[in-house]
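Encoded as structure tokens, the structure appears first; notes follow it.
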Amino acid sequence: MTHTLLRGRLLTFLRAPQELGDTGSYLYESDGGLLIKDGLIVACGAYDKVSAKAPADVVAVDHRPHLIMPGFIDTHVHFPQMQVIASYAANLLEWLNTYTFPEECRFVESAHAARIATHFYDELVRHGTTTAVAYCSVHKASADAFFAEALRRKMRMVGGKVMMDRNAPQGLLDTPQMGYDETRQIIAEWHGKGRCHVAITPRFAITSTPAQMEATQALAREFPDLHIQTHLSENHDEIKFTCELYPEAIDYTDVYARYGLLGDRTLFGHCIHLSDREADAMSETGSVAVHCPTSNLFLGSGLFPLKALARREKSVRIGVATDIGGGSSYSMLRTMDEAYKIQQLLGERLNPLESYYHMTLGNARSLSLDDRIGTLDVGSDADIVVLNAAATPAMALKMEVVKTLPEELFLLQTMGDDRAIVETYVSGVAAKSTI
Ligand code: GUN
Ligand code: ZN
């Protein structure tokens, strides 16, 4: 296969940034080159040096003056909720019962699931997202459609069929045995195929009986390398209902702990209202709290204490995500803009370096996939986003007075969306311009 050589300004993180002046946390190359072969990054650095390694028949793409970064990662999104976005509800439980559950019932139809999967990946790519961790519906057909499309597009995707056996419409219920069997089938058919990863996905404690939680625990024991994803501590009524359903648990987090579901492969969506004890339990097990800012604001769920959780002595690992369709944008730029505002309301500062760290290397680390994605390191998957901070007239006007890299990143985050994504490369191939 031929080589591809991208030219532009390169930015990739080395570790979590401390403060705005923490130039040691990232690598920035003002005239950079990125050489790609067979879907992998084979050289990264100053353009002169990298281009010298390229063969004569290299395909060169000049992205100057744009910024080249690792593709964005979304660690919590619901693929069957593309037509749930913008549903007018008072709170989480009303939103689920009125709009979300009825909509997910439609995914029993393979043709519908396949159609939405096409749109889903188009939107990810349009917004510069190259890896996402998704909830499918309860139907195996939805997971099949999700992974078939990931395979077709050669994308690194994590997903699972939700297991749910109570407190939802009949058309959305499995049983402990069915949830277990179908998850095993999906693992056998899709896990490790292309760049597909299957996640064990009990929706949340409210929609799983203790028997289903036991089946989930059995899956987690059988497949210890798989990710687990679920929801935790999103809304006060949700927390109260959960504690009534599991009276033996000391709190919501303990419900999952009792079934062995805490751990460094587990992603807990939301985690807004955790007690100190629960945050300790998350920290001690290496569990990940996934911040979903546009969703938390849209549903009025609360203000996630990102900074407070990160700076605890027992710090909690953090991911960031859109949570479509509770979330209101596919864009990780829009997501981090709202994350910034939430910290402002809490009297905290989230600097732009931290935001871009979270969208890339931070999220890759939260998935324990940082050896494959989240950086421009040699050997990584060539999943790349090209960003233009002057994408709209208003952004271009502001760019006239922008002097530093952090200022440019902050502008992109504050005003940017899919219009700021010049190109998205998946496995080294331009994917946005070919949608
Ligand atoms: N809790 C259980 N299911 C869901 C869901 O689909 N979205 C959100 N935001 N929270 C949930
Ligand atoms: Zn969710």
request  = Would you mind calculating the relative contact order of the chain from Cα pairs under 8 angstrom and at least 6 residues apart, reporting the percent as a whole number?
outcome  = 19
query = Using a 1.4 angstrom probe and counting only protein chains, how large is the accessible area of Phe120 in Å², to 10?
reply = 0
task = Please find, in a Gaussian network model of the chain (springs between Cα atoms separated by less than 10 Å), the residue of Leu345, Leu14, Leu303 whose mean-square fluctuation is greatest.
result = Leu345
ask   = D for the chain, whole µm²/s, Stokes-Einstein with Kirkwood Rh over alpha-carbon pairs at 37 °C and 0.692 mPa s: what number?
value = 151
query = Say the cut-off is 19 Å between C-alpha atoms; which of Lys37/Lys154; Lys140/Lys193; Lys341/Lys403; Lys154/Lys432 go over it?
reply = Lys341/Lys403
request  = Would you work out the relative contact order for the stretch 306-435, in percent, from Cα pairs under 8 angstrom that are 6 or more residues apart?
outcome  = 23
message = I'd like the distance separating the alpha-carbon centroids of the stretch 148-178 and the stretch 235-306, in whole Å.
response = 21
remark   = For the chain, longest principal axis from Cα atoms; helix 405-415 axis from its Cα atoms; angle between them, nearest 10 degrees, is 50
query = Roughly speaking, to the nearest percent, how much of the chain's 1.4 Å accessible area is carbon and sulfur?
reply = 53
key: Modelled label reach - Lys193, point 7 Å along Cα→Cβ, the stretch 142-176 residues with backbone N closer than 15 Å   = 142-161
request  = Report the label-to-label distance for Arg221 and Asn97 in nanometres (one decimal), using points 7 Å from each Cα along the Cα→Cβ vector.
outcome  = 3.5
inquiry  = Please state the shape class of the stretch 1-67: rounded when a/c is under 1.5, otherwise prolate if a/b exceeds b/c and oblate if not, all from the C-alpha gyration tensor.
reply    = prolate
query = Under the classification rounded if a/c is under 1.5, otherwise prolate if a/b is larger than b/c and oblate if not, where does the stretch 92-136 fall, given a ≥ b ≥ c as square roots of the Cα gyration tensor eigenvalues?
reply = oblate
ask   = Cα gyration tensor of the stretch 1-125, axes a ≥ b ≥ c as square roots of the eigenvalues: rounded (a/c below 1.5), prolate (a/b > b/c) or oblate?
value = oblate
ask   = Lys/Arg Cβ at +1, Asp/Glu Cβ at -1, dipole of the chain taken about the Cα centre: which of Pro305, Leu333, Ala141 is farthest positive-ward?
value = Leu333
inquiry  = Using only Cα atoms and rounding to the nearest 10 degrees, what angle (0 to 90) does helix 276-285 make with the longest principal axis of the chain?
reply    = 70
task = Provide the per-residue ³J(HN,Hα) series for the stretch 356-369, in order, calculated from phi with Karplus coefficients 6.51, -1.76, 1.60 and θ = phi - 60°, each as a whole number of Hz, with x at glycine and proline positions.
result = 6, 4, 4, 5, 10, 4, x, 5, 4, 5, 5, 9, 6, 10
note = Most fluctuating of Ala43, Ala215, Ala396 in the GNM of the chain (C-alpha, under 10 Å) is Ala396
inquiry  = Skipping prolines and chain starts, which residues have an amide H placed within reach, meaning under 5 Å, of the one on Glu423, given they are 5 or more residues away or on another chain?
reply    = Val386
ask   = Angle, helix 332-345 long axis vs. longest principal axis of the chain, Cα atoms, 0 to 90°, nearest 10?
value = 70
task = Would you please give the FRET efficiency between Gln344 and Asp181, computed as 1/(1 + (r/R0)^6) with r the Cβ-Cβ distance and R0 = 51 Å, to the nearest 0.05?
result = 0.60
key: Length released on extending from Thr434 to Glu244, taking residue separation times 0.36 nm less the Cα-Cα span   = 63.3 nm
message = Testing the spin-label approximation: label points 7 Å from Cα along Cα→Cβ at His236 and Arg312. State their distance in nm.
response = 2.1
ask   = Given the C-alpha centroids of the stretch 37-77 and the stretch 365-390, what is the distance between them in whole angstrom?
value = 11
task = Would you be so kind as to identify which of Ala90, Gly45, Pro80 lies farthest towards the positive end of the dipole of the stretch 36-142, taking Lys and Arg as +1 and Asp and Glu as -1 on Cβ and the Cα centre as origin?
result = Gly45
key: Probe 1.4 Å, protein heavy atoms only - accessible area per residue of the chain in square angstrom   = 36
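The values are calculated or read from the model by the stated rules, or taken from the named source; none is laboratory data. In this text the structure is predicted, and so the values were computed from the model without any measurement. Because the Cβ atoms are built from the backbone with ideal geometry, glycine has one as well, and the counts that use them run over all protein chains shown. Areas reflect the complete protein model, heavy atoms only, side chains present, ligands, DNA and RNA absent. Shrake-Rupley method; radii C 1.70, N 1.55, O 1.52, S 1.80 Å.
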